[in-house]
Amino acid sequence: MRTFLLKRLPSALLVLLLASFAVFLILRLIPGDPATSLAGPDATPETVEAIRSQLGLDQPLFSQYVSWLGRLLSGDIGPSYAIGGQVADLIGDGFGATAQLTLGALLLVVLIALPLAVLGATTRSRPVAAVVQAVTTGVLAIPPFVTGVVLVLVFAVSLGLLPAGGHESLLTEPDLAVQYLAMPAVCLALPSAAVVARYLKDGIERALAEDYVRTATALGVSRRRTVWRHALPNALPSAITVLGLQVGHLIAGAVLVERIFAWPGLGQLIEQGVIRRDYPVVQDLLLLVVAVYVAVQLLTDLAYTWLDPRIRWE
């Protein structure tokens, strides 16, 4: 494992470096800047230039980029330009809520995808197989914001079973927190669950067609044992890879889902940062998302090598 990490670490650091440059450059290409936003619509050009100089925005872009990286490496992220407060505090306040939503959605992805994949791959009933196929296709075709609105109308407005929006910590009020988490997590998890279910279903079907599975069936091993002890473990590595890729979609989708359900996570923070051209907040937040995604991919590769002995041997 140590050798694997040492081999992958340089490429991971390179991805982070390239991502930091891309984030920095793209923000500068967006019309407007923090100085204009802070000065207000009636400010004179001299006032705007004075604010730009105070924030260091009059320096060459490469100098600004190097200065930003230097602060990141030293751990001194610095203050927000427009929102107010330290960037580290702002991100820390929203990170817990977004992590709670993302992990809850990831758990639902596994709980939904696994039975759907096993049912779709092993059923001998064509109507059941058609229903599984229709469910996964329909979930992928419906945008998350439509799913979110429907969930709110049904479970919050019509039935009154769940709160329409808000957030509560799992550590303080777990029962209430689950109620707040239910609809956002389901809305976020459904598209990724459909993708993982399809890949896992195909993997199980391929494994069931292998000679060793047919031999086990001929020797009298039950269908259930064959699927869960032989076919499913051999289908898991590819599904784990797809699940790791879906983490990126979950993090990106959390921005929209948090908006629908008034979830006080990083999605609202990044929205405020983009609208107000708060460069430090948006830069640091987007780079944090990339770092989390890269870390998840490393863990996914580790899980893949653990599940597939052939990879370990290589």
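Quick note: the coordinates plus some simple rules give every number you see, no bench work behind them. Everything quoted here is computed from the prediction, not taken from an experiment. Note that each Cβ is placed from the backbone with ideal geometry, even for glycine, and that neighbours are counted across all protein chains shown.
Hey, could you get me the Stokes-Einstein D for segment 1-53, Kirkwood radius over alpha-carbon pairs, 10 °C and 1.306 mPa s, rounded to whole µm² s⁻¹? Translational D for this selection: 112 µm²/s. By the helix-only formula, in which each DSSP H run with n ≥ 4 contributes -39500 (n - 2.57) and the sum is divided by residues, the chain has a 222 nm mean residue ellipticity of -25500 deg cm²/dmol. Straightening the chain between ALA82 and GLU205 buys 38.9 nm, computed as 0.36 nm per residue apart minus the Cα-Cα spacing.
Ordered by the count of other Cβ atoms within 10 Å of each Cβ, fewest first, LEU161, LEU108, LEU243 give LEU161, LEU108, LEU243.
What is the helix-to-structure angle for 61-74, meaning the angle in degrees between its Cα long axis and the longest Cα principal axis of the chain, kept from 0 to 90 and rounded to the nearest 10? With rounding to tens, the tilt is 60 degrees. Measuring spread by the Cα atoms of segment 31-75 yields a radius of gyration and Dmax of 12.4, 38 Å.
This model, with +1 at the C-beta of Lys and Arg and -1 at the C-beta of Asp and Glu, gives the chain a dipole about its Cα centre of some 1780 debye.
To the nearest 0.05, how large is the calculated FRET efficiency for GLN133 and TYR212 if R₀ is 45 Å and r is the Cβ-Cβ distance?
Values: r = 27 Å, r/R0 = 0.61.
My answer for the efficiency is 0.95.
Put in order of Cβ neighbour count within 10 Å, fewest first, the listed residues ASP89, ASP301 become ASP89, ASP301. The length gained by stretching the chain between ARG259 and ALA50 to full extension, at 0.36 nm per residue less their Cα-Cα distance, is 71.7 nm.
Its relative contact order, with pairs defined as Cα atoms under 8 Å and 6+ residues apart, puts the chain at 26 percent. Exposure proxy shown here: for TYR212, TYR180, TYR65, the number of other Cβ atoms within 10 Å sets the order, fewest to most, as TYR212, TYR65, TYR180.
Which FRET efficiency, nearest 0.05, do VAL150 and VAL110 yield, Cβ-Cβ r, R0 25 Å?
Details: r = 23 Å, r/R0 = 0.93.
E between VAL150 and VAL110, to the nearest 0.05, is 0.60.
Measuring between their Cα centroids, segment 153-228 and segment 96-141 lie 5 Å from each other.
Compute a Gaussian network model of the chain, connecting alpha carbons closer than 10 Å, and tell me which residue from PRO163, PRO31, PRO233 fluctuates the most. Highest fluctuation of the listed residues: PRO31.
Axis angle, to the nearest 10 degrees, between helix 2-29 and the longest C-alpha principal axis of the chain: 50 degrees. Farthest toward the positive end of the dipole of segment 79-198, out of GLN133, ALA88, GLY160, is the Cα of GLN133, where the dipole comes from beta carbon charges about the Cα centre. Divide the volume of the convex hull around the Cα atoms of segment 1-122 by the residue count and you get 204 Å³ per residue. If you take the alpha carbon atoms of the chain and fit the smallest convex hull around them, that volume is 177 Å³ per residue. What FRET efficiency, computed as 1/(1 + (r/R0)^6) with R0 = 35 Å and r the Cβ-Cβ distance, is obtained for ASP58 and HIS249, rounded to the nearest 0.05? So the FRET efficiency works out to roughly 0.35. Against the longest principal axis of the chain, how steep is helix 87-122, in degrees 0 to 90 to the nearest 10, with axes from Cα atoms? It works out to around 20 degrees.
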